[in-house]
């Protein structure tokens, strides 16, 4: 009959703490993603961006076309035709400008993106700390049955860390690609 090894309280605490750190990192990631999405959508509620034609579409089916892009700072300003906005029944709720509704789209370098990168770095730090705890406990455990769950969880954490880190690096390349696209205009 197979006899399972005795599991110490310290082993369970380290395992539980590492899993708790990973859970906190997950909650931090989800919260940061939600906050960024809400922040970016707050000024464009009801409007839809069409990247293939680089225009915004308002709820009344009018298009906002790019009218200004500042290559040094990065925002692109989109504006609807003043004639369409001035005769629209929703103008009072949409804009107070007689020149038409404007939307600014910023390149990924503003405060919102900085906060997202900060939260990503915090999540990576928590996962790295959890992984370190698992590595230490892996070498302290003297039984294969105690090491196997640690190794499995550690491999999962490493895959998550690699994915989050590559996402952090791709944001840098996305920012560079966006700047290059703006400069070609």
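Couple of notes before you dig in:
- Residue within segment 107-129 that is under 25 Å from the mean Cα position of the chain (by Cα), surrounded by fewer than 13 Cβ atoms within 10 Å (Cβ to Cβ) and at pLDDT below 85 present: yes
- If you go through segment 74-106 and keep only what is assigned to a loop (DSSP other than H, G, I, E, B) and farther than 18 Å from residue 55 by Cβ, you end up with 74, 87, 89, 90, 96, 97, 98.
- Top-ranked residue of segment 141-156 - restricted to ones that are in contact (Cβ under 8 Å) with a residue 12 or more places away in the chain and part of a helix (DSSP H, G or I), ranked as surrounded by the most Cβ atoms within 10 Å (Cβ to Cβ): 150
- Residue check, residue 35 part of a helix (DSSP H, G or I), modelled with pLDDT under 85 and either in contact with a strand residue (DSSP E or B) (Cβ under 7 Å, 6 or more places away or on another chain) or closer than 29 Å to residue 115 by Cα (or both): yes
- When residues in segment 47-75 are screened for being farther than 30 Å from residue 123 by Cβ, touching a helix residue (DSSP H, G or I) at 6+ places or on another chain (Cβ under 8 Å) and modelled with pLDDT under 85, 2 of them pass.
The values are calculated or read from the model by the stated rules, or taken from the named source; none is laboratory data. Since the structure is predicted, the reported quantities are computational estimates derived from the model, not experimental observations. Here the Cβ is made from the backbone with ideal geometry for all residues, glycine too, and neighbour counts use every protein chain on show.
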